[in-house]
Structures are given as C-alpha cells and as structure tokens.
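The values are calculated or read from the model by the stated rules, or taken from the named source; none is laboratory data. Keep in mind that what you see is a predicted model, and the values were worked out from it rather than measured. Cβ placement follows ideal geometry from the backbone for every residue including glycine, while neighbour counts extend to all protein chains displayed. Just the protein is used for accessible areas: all its heavy atoms, side chains included, with ligands, DNA and RNA removed. Shrake-Rupley method; radii C 1.70, N 1.55, O 1.52, S 1.80 Å.
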Amino acid sequence: MRSRRRARIATSSLALIAAVGVGLLAAAPSPAASVVSTYTLTKNIQLITTRIPTKPVEERTLKVLPTTASVPDVVPAAAKYPMFDLTSSMAAHAGALAGINGDFGTAKDQPTHILMIDGELWTSGDVRGNAIGWSETANIMSAGDPALRISVSNGKGTDLFNVNDWNAHAPTGTSVSAYTARGGAVTTPPGKTAPTSTDPYYCAARLDPSGGPRWTTGRTAIVRRYTVVAQPEPCPQTKLTVGSTAGEVVVASRTAKNVVSGVGKLRVGQTVKISTRFNGWPGVTDVMGASQMLVQGGKNVAPPYATGDPYIYNYNPRTAAGLTQGCADTNTNTVCKLILMTIDGRQKSTNWSVGARLPLLADELIKAGAYTAVNLDGGGSTTMWVSKKSSSYCQSYPTLGGCLVMRPSQSFGERGTRSAIVVLPAADTGAPSALR
C-alpha cells in the first residue's frame with residue numbers, strides 16, 4: 001500500500017511539473033507584432049508605414065485609387081539617353097503628389113527593360129522582362145509580360161517586316177532594329193564612320209512621320225504613318241544617323257553584301273506604317289519595365305534565394321508596383337488600386353531595416369491587396385517620395401520640396417535612377433490627343 005502511494009505521489013508530482021512547464025511555455029512572450037500606421041495624403045492616396053521588429057524591416061506602401069485627381073504617370077530622368085536623376089527631383093518637377101523609383105538601368109544609364117511614355121515607345125529594353133502599364137486616364141491597368149510586337153507594313157495591310165529591337169541592340173542575323181532621338185549618344189544606328197573591309201554591311205532607312213499616332217480599332221495597337229526620306233544604296237558599312245525632325249525613325253538590318261533585306265527593299269518616297277502592340281494590353285500608353293514577377297493571380301510567384309544565387313536575390317532594399325484584382329477583372333464591385341511599395345535595407349547595424357528577399361516582398365504585397373505585382377529597381381535606388389510633409393512619417397527633406405518617407409541605404413542619401421512612377425494631381429495630358 002505504501003509503495004503504491006509513493007508511486008501516486010511521484011506521478012502527481014510529474015504531472016504538476018509538466019503542467020507548470022506548459023504554463024511557462026504558454027506565458028512566454030510572443031514575437032513583437034508589426035507596428036502599422038496609416039496616413040491619408042489625399043482622398044485617393046494612403047501612405048502606410050509598417051515596422052516588422054523581428055527582422056527588422058521598414059516597409060512603406062502607397063495605395064492609390066486612380067481618378068482624375070490621382071493619375072499615375074511615368075516620368076523619365078532626361079529627354080534621351082544617358083538619363084539619370086533623383087526620384088524626388090523627377091516627381092517634384094512633374095508636380096506630383098507621390099512617387100517611387102522606376103526600372104533598373106544599364107551601365108550606360110539607359111532603361112534595362114521596356115519603357116513607353118505617353119504612347120511613345122522609348123525602348124523595347126536591353127533585356128526583355130515584365131512590366132506594369134496603364135492607359136492615359138488609368139481606367140485600364142495591367143501587369144505582367146507586355147508581349148510587345150512592332151511591325152512595319154506598306155500602309156495597305158501588308159506586313160513588310162517586324163522590328164525586333166527599339167533603341168536597344170544592334171541588328172544581328174536577320175533581325176531589324178529601330179532608332180530614334182531618344183537613344184541619344186548611347187543607342188545609335190549601326191555602322192562606322194571609317195569602316196574596314198571586315199566590318200559588316202547594314203541596310204538602313206530613315207523615316208519621317210507623315211501623321212500623328214492613333215489607335216487602331218479596339219485600341220489594340222498604336223499606329224503611325226511615315227515617309228521613307230533616305231535609303232542608301234547599295235547597303236553600306238557606314239552609319240545612317242537619326243535626323244533632326246521630331247519623331248524620325250531609322251530602321252536597320254545587317255546583311256551580306258549585295259543581299260537585299262526587308263529594309264533594303266524600302267524606297268525613298270514610299271509610305272509605311274509602324275504598328276506598336278502589347279498583346280492583351282489594349283489602350284495602354286504608359287509602360288514601366290520591371291524584372292521578376294512577384295505576384296500573379298493573387299499568389300506568391302517570387303523566385304526564392306538559394307546559397308550561391310546572385311546577391312540580388314538575397315536581403316536588399318526593394319521597390320515594387322502592383323495592382324489589385326479590380327484592375328484585372330470585369331466585376332464592377334471590385335476596386336482597382338495601384339500599390340507602390342518600398343522596403344528599406346542594408347541598415348541592420350542601426351537596427352533600422354535589414355531588407356527583404358523577393359518572397360517576403362511578394363507576401364507583403366499580397367497583404368496590401370496586390371493581385372499582380374512586379375519587382376522594380378532596388379538597392380540604393382529604392383526611394384519613396386511624397387509632396388505632403390509631416391513629421392509623423394518624413395525621414396528626410398530633398399531640396400526641391402516634399403520628403404522621403406524612407407531611408408536610402410547609402411550614407412549620402414538618395415541615389416538617381418532612369419525613371420520614376422509618379423501620381424499626378426490632375427489628368428495626364430502628355431499623350432497626343434488621339435491617344436487619350
């Protein structure tokens with residue numbers, strides 16, 4: 001009897017210890033919750049600041065309801081390449097309410113990916129990738145692969161050839177490249193001033209616009225008529241430069257000597273038509289190029305980081321742009337909003353923000369309501385600017401006004417970029433009237 005009692009006491013003691021242990025575990029403090037603050041910049045623009053203390057991560061989100069009083073726009077850093085300016089300067093000069101940095105840039109300070117502004121294609125991109133775009137009134141918005149197609153026809157419905165690159169690469173093989181004044185001193189037509197016998201031959205033609213750009217039926221493509229004003233024969237090794245007439249285009253293709261290409265078949269005085277189309281993106285006039293797709297159909301599709309991957313996939317400052325489901329469906333009950341997000345990084349030593357890998361960035365975009373989203377330039381380029389100043393969220397004050405609501409990763413502050421996405425307080429009137 002006595003031994004059984006001791007056993008029961010021992011069992012009870014173990015149970016009590018276990019219960020106390022469970023109680024101690026239950027009472028342990030949970031990780032600190034995120035600190036979220038919401039500020040109304042205008043009736044249609046919200047700024048949300050989020051601190052995730054466990055990383056730590058400092059996140060900034062702009063939620064924009066596109067209306068005539070809050071219109072998204074793409075702003076370039078200059079009128080031609082090379083182009084480089086501060087996001088705050090681009091936004092302030094545009095009279096914007098808010099802005100973030102845009103696409104990545106090449107070492108020559110040209111956009112890495114596709115760029116269209118107010119219906120004018122600036123470049124098809126040094127690298128093909130994803131993008132985010134909208135119509136001039138922002139009643140149509142899209143994100144993903146823009147599926148750009150550029151074709152040249154004889155104006156009567158017969159295609160002559162496709163253009164593979166626009167202010168990007170020199171033609172190779174049977175490809176055709178196009179050049180405009182936007183290429184500046186960086187992207188110019190192929191050929192040499194003093195070629196040698198081993199240099200390639202190029203067929204080229206200079207086209208002058210004979211009318212303004214307009215939409216095709218259904219706003220599926222932007223078309224413009226041109227007149228061939230120069231077409232050297234035979235196809236030389238020297239360069240045919242872009243002239244001084246506004247809107248001029250030079251098309252060029254590489255060819256073997258005495259072999260006539262599609263460009264080589266053009267004749268001075270001939271009328272041609274250039275058609276620019278984003279398959280599945282009707283009515284879009286502003287397109288900001290991007291790299292990775294982060295959110296697709298409301299799901300996280302961001303590429304993860306693995307040991308040995310390029311540093312861009314690891315912890316870094318981030319900038320992204322996304323759209324809510326209302327921008328993609330036809331349901332009138334769902335609202336279309338533009339989501340602009342930055343995450344600060346490379347500032348762990350000050351306990352400010354370590355940065356984010358792409359899957360975390362995508363998760364945060366989904367929490368903010370993104371149905372689709374793309375990754376923009378990050379690192380030292382990551383910038384979010386607003387015109388309305390408040391000590392509650394401002395971190396620094398650029399000379400042209402407004403404030404940065406985040407902290408750039410480099411000690412000298414904001415770093416320049418090639419372009420910016422801004423939100424205008426009134427209608428965007430940059431595009432020709434026929435494209436509005």
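Structure notes:
- Pairs of alpha carbons in the chain separated by more than 30 Å make up 49% of all such pairs.
- Between 0 and 90°, nearest 10: helix 358-367 axis offset from the chain longest Cα axis: 80
- The accessible-area ordering, largest first, of the residues Leu376, Leu400 stands as Leu400, Leu376, per a 1.4 angstrom probe.
- Semi-axis lengths (Å, descending) of the ellipsoid that matches the C-alpha gyration tensor of the range 310-436: 27, 21, 14
- Cα-based helix-to-principal-axis angle, 2-27 vs the chain, degrees rounded to 10: 40
- Charging the Cβ of each Asp and Glu at -1 and of each Lys and Arg at +1, and nothing else, the dipole of the range 295-434 about its Cα centre rounds to 300 debye.
- By accessible area with a 1.4 Å probe, ligands and nucleic acids excluded, highest first: order of Trp215, Trp134: Trp215, Trp134
- Estimated [θ] at 222 nm from DSSP helical runs (n ≥ 4, -39500 (n - 2.57)) normalised by residues in the chain, nearest 500: -3000 deg cm²/dmol
- Prolate/oblate/rounded label for the range 95-200 (Cα gyration tensor, a/c 1.5): oblate
- With one equal scatterer per alpha carbon and no solvent term, the Debye-computed log10 I(q)/I(0) for the range 373-436 at 0.16, 0.17 1/Å reads -0.68, -0.74.
- Farthest toward positive dipole pole in the chain [+1 Lys/Arg, -1 Asp/Glu at C-beta], among Asn154, Ser419, Ala320: Ala320
- Using Cβ point charges alone (K and R +1, D and E -1), the dipole size of the chain about the Cα centre works out to roughly 1440 debye.
- Among 275-282, 245-252, the order from most to least packed when residues are scored by Cβ within 10 Å on average: 245-252, 275-282
- Two-decimal log10 I(q)/I(0) for the range 207-303, as the Debye equation yields it once each C-alpha is a single scatterer, q = 0.16, 0.19, 0.21 Å⁻¹: -0.84, -0.99, -1.09
- Ordering Thr172, Thr417, Thr188, Thr193 by accessible surface, largest first, gives Thr193, Thr172, Thr188, Thr417; the 1.4 Å probe counts only protein heavy atoms, with every chain in place.
- The equivalent ellipsoid of the range 357-409 has semi-axes of 25, 13, 10 Å, largest first, where each one is the square root of 5 times an eigenvalue of the Cα gyration tensor.
- Where N is the number of residues in the range 200-260, Cα Rg divided by 2.2 N^0.38 Å: 1.35
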